[in-house]
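Contents: one structure, followed by commentary.
Bear in mind that the values in this text are calculations on the coordinates, not laboratory data. These numbers were taken from a predicted model, which means no experiment stands behind them. Note that each Cβ is placed from the backbone with ideal geometry, even for glycine, and that neighbours are counted across all protein chains shown.
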Amino acid sequence: MTLSRKAALLLATLSLPFAPAALARTAHNTAHKGSVAPVAAAAPAVPANAPRLLVAIAVDQFSADLFAQYRSHFTGGLGRLQQGAVFPAGYQSHAATETCPGHSTILTGMRPAHTGIIANNWIDQSVTRAKKVVYCAEDETRTAADPKDYVASVGHLLVPTLGERIKAVWPTSRNLAVSGKDRATLMMGGHVIDQGYWWKGSGFTTLEGRAVGPTAVAQNAAVTTTITAGDKPFDLPDWCGARERAVTAGPVTVGTGRFALNAGDANGFRVSPRLDRAVLDLATRLVDEQMLGKGATPDMLSVSLSVTDFVGHGYGTEGTEMCIQLHQLDTALGDFFASLDQRGIDYAVVLTADHGGFDLPERLDQQALPKAQRAGIALLPEALSDKVGATLGLDPKGLILADGPAGDFWVKRDLAPAQKAQVVAAAKAELLADPQVAAVFTADELAATPLPTASPDTWTLLQRARASFYAPRSGDFVVLLQRGVVALPKPGPGYVATHGSPWDYDRRVPMLFWRKGMAGFEQPSPVETVDIAPTLAALIGLNVPAGTFDGRCLDLDAGAGSTCGVTP
């Protein structure tokens with residue numbers, strides 16, 4: 001197998017030699033057996049005290065609020081991580097608090113303005129296909145075998161991940177990623193990835209052109225057994241009892257669920273704590289298969305756990321469903337760490353999230369929070385097109401395009417520049433007159449705004465939007481809703497709540513670092529997820545040029561300087 005042109009160009013920018021994937025795999029496996037491997041010339045030595053396995057875990061939609069709310073009940077893996085370095089005020093500092101942008105920051109050390117991942121989806125009116133919405137983890141230039149499907153790809157990510165940087169310096173190192181979502185696997189793994197798996201349909205799959213390996217096949221067989229047989233509901237921990245209250249949102253009722261699994265229900269498996277455990281079980285199997293952490297150079301394992309997000313969307317953040325999910329997540333993580341301990345691996349862990357989340361307004365209304373509300377349909381692009389078209393005497397069909405009532409909006413591309421400017425101005429005026437809208441920024445305003453450098457808790461809405469702005473993909477203007485307004489006008493089965501706002505309930509996430517022997521401490525000052533990559537790089541002695549990351553190295557030894565002092 002040879003590197004793709006894009007991956008080859010990316011590695012060339014690192015100014016470091018790299019062996020093709022097949023050679024790297026052979027070299028790594030040989031090295032792990034104790035033989036001399038054909039590594040790149042003059043590869044720097046790995047510091048003797050560096051961990052041999054880095055494990056980066058993202059818990060999708062695990063907000064700082066959820067962490068604070070439940071942390072006293074964690075006794076498993078999340079309990080262990082609280083014995084290390086705890087940063088309860090981490091920030092996904094940008095405005096576009098969605099899965100793809102958030103995951104793109106964690107191991108690149110760069111914000112969406114630099115990763116190019118501005119959202120889960122954006123509109124590109126230049127693509128030749130009829131569908132102009134582009135998914136962040138697809139190759140829109142190719143057609144999938146199934147017309148309802150897409151070709152998964154990491155091609156939209158503009159920068160390398162930490163795993164790629166490690167492999168560029170130490171070609172014998174391994175870079176693996178697993179998740180419940182393809183975009184999480186690809187944004188954390190990157191372009192040069194040895195193995196990457198995600199859930200699709202009723203089992204784990206991988207990139208087109210790659211075979212699902214025997215380890216993933218075995219994991220899929222175990223999953224199939226569970227799905228075929230079905231499974232009993234989860235027990236409700238005693239401390240979850242206060243969360244049990246039925247709440248109606250549109251056509252669905254949530255708040256009392258236990259995740260019983262009907263026989264043959266693959267989707268029911270996916271949206272239950274069982275999927276997170278299956279992802280961690282697959283990760284454990286891959287540790288054994290690839291002998292991760294047993295070689296002379298450090299390996300990178302990325303794990304993204306998606307069920308907290310599925311539960312947040314499908315049931316909200318405050319019912320029995322989320323309480324059960326977080327208890328089961330804590331337990332599964334505890335078992336995963338114990339399995340690494342049993343294998344005698346010197347590993348370091350970081351756990352964070354891609355974004356936070358907000359509960360469904362119907363339950364928040366019961367808790368005397370009347371400002372929680374759903375976005376009105378007047379904010380949808382079709383309604384906005386009608387109003388602006390009538391004002392300017394233009395055909396409203398396709399005049400303004402967007403993926404929902406907030407975020408990036410695009411104006412019809414074949415308008416004359418003067419007309420386009422009129423549409424943007426009229427849309428902005430119309431939107432700002434709506435009490436649910438907090439701000440509207442044009443592409444020109446965002447392009448003229450310097451990237452923020454101050455502490456993320458002090459950023460203005462304009463600065464938050466700027467950190468998500470990448471001109472070749474971003475819209476002609478961006479819409480930010482008021483705090484408490486959920487960008488989901490109509491709830492339905494599987495989707496009663498969401499995230500994606502510029503407010504701190506969506507921006508703030510925990511950042512937890514742990515390694516055996518680490519002195520535990522808690523640092524409450526704001527930090528960013530872009531600080532993770534430079535911190536892990538320093539931990540393994542990976543020297544990178546100044547200015548490589550948007551983030552900074554965090555001292556994991558309570559101010560002693562022993563972590564960040566490794567890098568220049």
Distribution output for the chain: share of Cα-Cα pairs per 20 Å bin in percent, first bin at 0, values 21, 56, 22, 1
Ordered by fewest other Cβ atoms within 10 Å, a rough proxy for footprinting exposure, Asp403, Asp346 read Asp346, Asp403
Contour minus Cα-Cα span, Ala296 to Asp149, at 0.36 nm per residue, comes to 48.8 nm
Most exposed first, judged by fewest Cβ atoms within 10 angstrom, Asp238, Asp281 run Asp238, Asp281
Residue separation between Ala130 and Ala222 times 0.36 nm, minus their alpha-carbon distance, gives in nm 29.1 nm
Residues meeting the amide H criterion for Gly180 (H placed from the backbone, H to H distance under 5 Å, 5 or more places apart or on another chain) are Trp199, Ser304, Ser306
Taking R0 as 41 Å and r as the Cβ-Cβ distance between Ala390 and Asp365, the FRET efficiency 1/(1 + (r/R0)^6), rounded to the nearest 0.05, comes to 0.75
Here the percent of antiparallel bridges among DSSP beta bridges lying wholly in the chain, to the nearest 5, is 55
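Evaluate E = 1/(1 + (r/R0)^6) for Ala266 and Gln419, where r is the Cβ-Cβ distance and R0 equals 35 Å; express this FRET efficiency to the nearest 0.05. Present the calculation step by step, with values, prior to reporting the outcome.
On the way: r = 49 Å, r/R0 = 1.39.
Working from the Cβ atoms, E equals 0.10.
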Rounded to the nearest 500, the 222 nm mean residue ellipticity computed for the chain from DSSP H runs (n ≥ 4, each -39500 (n - 2.57)) alone is -9500 deg cm²/dmol
Subtracting the Cα-Cα distance of Thr248 and Arg483 from 0.36 nm times their residue separation yields 82.4 nm
Note, the stretch 143-153: 3J(HN,Hα) by Karplus (6.51, -1.76, 1.60, θ = phi - 60°), whole Hz, Gly/Pro = x, goes 10, 6, 4, 8, x, 8, 9, 9, 8, 5, 7
Among the DSSP H helices of the chain, those whose Cα atoms extend at least 18 Å along the helix axis and whose mean Kyte-Doolittle hydropathy is 0.0 or higher are 214-229, 320-342, 417-432
Using alpha-carbon positions, the gyration tensor of the stretch 36-154 gives root eigenvalues a ≥ b ≥ c; with a/c under 1.5 called rounded, otherwise prolate if a/b exceeds b/c, else oblate, the class is oblate
Taking a ≥ b ≥ c as the square roots of the Cα gyration tensor eigenvalues, with a/c under 1.5 meaning rounded and otherwise prolate when a/b beats b/c or oblate if not, the stretch 95-246 comes out rounded
Over all directions, the stretch 465-524 yields a Cα convex hull whose mean projected area in nm² is 7.9
